[in-house]
Amino acid sequence: MGKDITRVIIETTVWHALKDLQGAPKRTMRKLVDLALNFARGRFQQEFFRVAQALLADEDSAYYHLAQDVIANVDEDTLVTYGINLGYNSFTRGAKIIRQIEAEKQINIPWSLSLALAEQCEPDRMKQYHCIIEQGMELGIYAYMLYPQGGLSDCFALAEGHPDCAFLLFCKGDALTEDAIRQAQRYHNMQISVALEEGTNTVCTALRKAKLLYAVHVEYSPECLEQVLDGTLLRRAEECRSSFVFFHAEKPCTEAQWKTVYGYVCATRKAQKQPTVAMDLLYDNMFIDSIISDDACAVAFGADGTLIQLPEWKRKAEYNIFRSSLYRILLETQPKKDGDLNYETYKRNLVHLGDGAV
């Protein structure tokens, strides 16, 4: 994608704002959000900046401390590149493409795509992954969640090959060797999320020293639900000083348990007491999608290429991304139909979950 005039203007504005934030962070942040809201055209942008405006009205909001910390400790090229790839390429330009194709073809297209990568991908398999992302970009998908089962070199190759996309890598701490961290510093279009476990704090300290954008993800099950709801796991993750904490439900959880955790996540965000942003990978992903294109849709592919239908976590072996195009799979598995979970319905359903997805 060549840089268009809108992106150039946005980049220039963001670079100037980064300098201003160092001197007057609170005032500059509010000014930027007010300006962005005035120029926001899409429903997602308007919703996002309205929420941000409400949050920043609180002078004691912990998110001010978060913003200052991120600006001081993350490489500026990464802040600008990742932010614009996500905020403009995905949420603006990509969202427009998604809405156009959905209207023409009467199918649902997810705003992001989740891909599991095998422990070691052969060159031919890597070509297929690059092709999948190219197909996704044609459909308006510029955000990718990667789940490597081994090292991170394949993820780095995808980030390098698609500089206009935003990548979020989910990995264990042992994958982040000194060499891997040095390599990661070359790619400004990605964020790394580290699994919360023993030693995560040490790994995050190394990422912080390298000025990388990182997060922590918490995998929970019914057995540790109490530790989620009483804030124990969030406090542990907060010690890592990450920008985001992603909560990820393992399969044994019931829908009721997922919703209970999401209610906790929403209430935590609204309280603004922690200098980190709590998110639920499944529900927030679908909520964003319901704003971008009205109907909530989430799609993932396993390391063997099998389609995983979300939120049901149903594996559909007859649909394989290595044997069929992404468009064909979406055409056959994601048709629009009466009763789709649209934005207004989705938002109403979340009212009891901490007053919506704030």
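Quick notes on this structure:
- Among the residues of the stretch 101-123, those that are modelled with pLDDT of 95 or more and within 21 Å of ARG323 (Cβ to Cβ) comprise ILE109, PRO110, LEU113, SER114, LEU115, ALA116, LEU117.
- Enumeration of residues in the stretch 146-155 that are out of contact with any Pro (no Cβ under 8 Å at 6 or more places or on another chain) and buried (at least 20 other Cβ atoms within 10 Å of the Cβ): LEU146, PRO148, LEU152
- Identity of the residue in the stretch 63-89, over 20 Å from LEU212 (Cβ atoms) and open to solvent by less than 10 Å² (accessible area, probe 1.4 Å), that ends up nearest to the chain's Cα centre (by Cα): ASN89
- Condition check for ILE109: in contact (Cβ under 8 Å) with a residue 60 or more places away in the chain, within 15 Å of PHE301 (Cα to Cα) and among the aliphatic types (A, V, I, L, M): yes
- Selection of first residues in the stretch 300-319 that are closer than 16 Å to LEU146 by Cα and of second residues that are of a type in the set (Phe, Trp, Tyr) and part of a loop (DSSP other than H, G, I, E, B), restricted to Cβ pairs under 6 Å at least 6 apart or on distinct chains, gives the following pairs, ordered by first then second residue: GLY305/PHE322.
- Among (1) more than 16 Å from ALA166 (Cβ to Cβ); (2) open to solvent by less than 60 Å² (accessible area, probe 1.4 Å) - the single one ILE133 does not satisfy: (1)
The values are calculated or read from the model by the stated rules, or taken from the named source; none is laboratory data. Not measured: the values here are computed from a predicted model. So basically every Cβ, Gly included, is an ideal-geometry build from the backbone, and we count neighbours across all protein chains shown. Heavy atoms of the whole protein, side chains included, go into the accessibility calculation; ligands, DNA and RNA do not. Shrake-Rupley method; radii C 1.70, N 1.55, O 1.52, S 1.80 Å.
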